[in-house]
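The values are calculated or read from the model by the stated rules, or taken from the named source; none is laboratory data. Predicted, not measured: the structure shown is a model, and the values here were computed from it. All Cβ positions, glycine included, derive from the backbone under ideal geometry; neighbour counts span all protein chains shown.
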């Protein structure tokens with residue numbers, strides 16, 4: 001892209017092709033400073049490249065880190081995987097340490113891991129994930145117990161968030177967060193396993209919950 | 001450190017040689033996610049290997065990232081440098097984005113950054129100021145939401161700092177900095193206006209919600 | 001006999017499922033009747049062992065009891081006697097509970113899956129490192145206008161105890177004097193006959209305690225089953241109006257007593273029931289007595 005073609009008012013984007021490492025290096029550099037999943041579009045905007053090209057680079061890097069291609073795109077022979085992996089989750093890309101080094105890494109990640117969720121918290125989280133946006137009253141109805149303190153814990157953990165207010169009842173409606181997707185390694189809520197096998201005809205139950213409580 | 005020198009009673013060290021990626025992968029995994037610079041000795045202790053061997057791996061990785069060797073130690077031909085580099089500063093190793101991508105990385109990091117602290121950041125800062133030293137989990141409990149990313153912002157801004165580690169839980173405890181005091185025009189934390197008299201029973205909040213974590 | 005582990009106990013549905021699966025019972029009317037009895041026995045055992053009611057269990061008990069009441073009511077229908085809308089409504093209530101139990105079980109299974117995913121993912125650590133120093137220097141200069149007083153006010157606001165919505169049911173009523181369904185039914189009859197159609201809120205505004213509130217609710221169910229009252233609702237979620245629909249003299253509280261004895265909760269080991277009528281209304285009485 002030449003200077004003349006650029007939309008007015010924007011700063012010139014550096015041409016990364018002339019730098020050692022090129023676009024691949026530039027994408028890697030960005031991944032190094034990201035503290036949350038980065039989308040193709042974010043990287044594309046910073047580099048002034050089409051999203052599709054950036055996506056191609058990210059997919060290549062992912063395969064390379066997994067040991068399917070050599071570095072520098074020259075080698076085609078499978079090689080050892082790197083100690084880290086690039087994952088596409090929660091709507092973006094992020095670097096993770098490789099699973100099988102978990103015990104080695106744990107000592108260097110202070111504060112990283114949080115306590116396990118209780119059974120009550122897991123069940124409540126499941127209901128919110130599948131029924132979002134959903135009120136506490138409705139979650140209570142489905143679980144048959146008061147869920148106030150459990151929802152508070154999930155809020156503190158950042159796994160759920162107050163999304164909106166029900167226009168009719170004024171009740172706060174809860175949904176899951178990006179952190180929830182990250183912790184579960186999911187790309188989006190749609191990737192949650194279907195609940196139907198567990199319960200045929202569940203969807204038709206939706207209406208009853210409110211009225212029976 | 002040799003095997004014989006290892007103190008008794010420590011947990012068994014995983015044998016990383018049998019894992020895909022081997023010792024090189026293990027060292028990379030640590031470097032990628034460590035949230036502070038790591039020393040040869042720390043890595044050596046965790047892996048149960050001599051420091052000299054670990055140091056050799058680190059130096060090889062450094063050279064490889066710089067493009068002097070191919071991945072997997074097989075190639076000897078110079079290749080493209082990676083977008084990240086391994087630096088040894090003051091005895092500790094840390095992965096940084098590669099210097100010549102600084103302008104690209106800066107664009108990415110500064111996108112959306114503002115000159116003002118968000119309300120969430122201010123409130124979190126207030127809790128840390130009045131409750132220091134305090135863990136993130138406790139601040140989350142008080143504010144009712146996850147504060148991880150906000151604390152990260154405050155750390156970046158130099159307003160709070162990791163002060164110590166809770167001897168019981170191992171959680172990192174945060175406190176305010178001299179910069180924070182300068183901003184408020186105070187000489188010490190003791191000069192913060194007292195809030196307890198306006199809020200009878202505030203001190204009893206100490207245990208508040210701790211149990212939900 | 002079954003024994004429920006309290007550590008696994010997380011609500012009435014959980015307990016019901018547990019009871020049902022342990023006995024490998026289908027959810028049939030008869031089986032549920034047995035489960036009902038076992039549930040009551042279970043609650044009593046806890047009470048005997050602990051010496052007092054535990055808050056959670058006592059409040060869950062009310063929920064389960066109300067649910068089981070629905071089932072009991074459905075069980076009262078003679079087989080093949082589904083004729084009027086009332087009967088159908090009762091059967092629907094039973095089907096609804098069945099469906100809700102299935103739903104609960106489905107979420108329990110999904111929760112197990114989530115736990116497994118979380119554990120697997122815990123082995124991966126995201127790169128989350130402090131910003132590189134050269135980038136920190138590029139951050140826009142912070143605009144800071146807060147005085148120490150502003151800051152203290154903010155801290156006071158954030159640190160103030162939040163107004164929590166009640167998340168616990170008080171247990172005061174467990175030590176309250178006995179409240180009988182029959183007496184409350186008579187009071188409701190009086191209200192409805194003299195003041196015309198009323199909402200539940202109006203019918204309970206003088207209740208005074210949660211126990212009276214609950215017992216009035218139960219009395220309403222009994223009255224409804226006896227055809228003494230009817231419910232009107234103008235629109236979904238609109239307020240429900242209760243109307244006295246029995247002819248004068250057609251209904252009396254005496255009828256309620258015998259009905260309840262016939263189909264209500266058969267409390268086991270009922271030697272402690274003073275009037276020999278261990279019916280529905282014995283809830284309040286028992287809770288008070290056992291104090």
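When each of C:247, C:254 is tested for being surrounded by fewer than 19 Cβ atoms within 10 Å (Cβ to Cβ), more than 30 Å from residue C:41 (Cα to Cα) and at pLDDT 60 or above, the lone residue that passes is C:247. Tallying residues that are part of a helix (DSSP H, G or I) and modelled with pLDDT under 90 within the stretch B:110-121 yields 1.
Within the stretch B:153-165, is even one residue within 8 Å of chain A (Cβ to nearest Cβ), in contact with a strand residue (DSSP E or B) (Cβ under 8 Å, 6 or more places away or on another chain), surrounded by fewer than 22 Cβ atoms within 10 Å (Cβ to Cβ) and without any contact (Cβ under 8 Å) to a residue 12 or more places away in the chain? Yes: the stretch B:153-165 contains one or more residues that are within 8 Å of chain A (Cβ to nearest Cβ), in contact with a strand residue (DSSP E or B) (Cβ under 8 Å, 6 or more places away or on another chain), surrounded by fewer than 22 Cβ atoms within 10 Å (Cβ to Cβ) and without any contact (Cβ under 8 Å) to a residue 12 or more places away in the chain.
Matching residues to (1) buried (at least 19 other Cβ atoms within 10 Å of the Cβ); (2) more than 7 Å from chain B (Cβ to nearest Cβ); (3) under 19 Å from residue A:192 (Cβ atoms); (4) modelled with pLDDT of 90 or more:
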{"residue": "A:61", "(1), (2), (3), (4)": "yes, yes, no, yes"}
{"residue": "A:64", "(1), (2), (3), (4)": "yes, yes, no, yes"}
{"residue": "A:70", "(1), (2), (3), (4)": "yes, no, no, no"}
{"residue": "A:88", "(1), (2), (3), (4)": "no, yes, yes, yes"}
{"residue": "A:96", "(1), (2), (3), (4)": "yes, yes, no, yes"}
{"residue": "A:124", "(1), (2), (3), (4)": "yes, yes, yes, yes"}
{"residue": "A:132", "(1), (2), (3), (4)": "no, yes, yes, yes"}
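Once the stretch B:1-40 is narrowed to residues that are at pLDDT 85 or above, more than 9 Å from chain A (Cβ to nearest Cβ) and touching a helix residue (DSSP H, G or I) at 6+ places or on another chain (Cβ under 8 Å), the residue that is surrounded by the fewest Cβ atoms within 10 Å (Cβ to Cβ) is B:23. Here residue C:202 fulfils each of the conditions (1) buried (at least 17 other Cβ atoms within 10 Å of the Cβ); (2) at pLDDT 85 or above apart from (1). For residue A:75, the conditions (1) at pLDDT 90 or above; (2) at the interface with chain B (Cβ under 8 Å from one of its Cβ atoms); (3) not in a helix (DSSP H, G or I) all hold with the exception of (1). All told, residue B:161 meets the bar of being outside any helix (DSSP H, G or I) and at pLDDT 90 or above. Residues in the stretch C:188-211 that are assigned to a helix (DSSP H, G or I), closer than 21 Å to residue C:252 by Cβ and in contact with a helix residue (DSSP H, G or I) (Cβ under 7 Å, 6 or more places away or on another chain): C:188, C:191, C:203.
Selection of the stretch C:226-244 for residues being surrounded by fewer than 19 Cβ atoms within 10 Å (Cβ to Cβ) and not in a loop (DSSP other than H, G, I, E, B) yields C:230, C:231, C:232, C:233, C:240, C:241, C:243.
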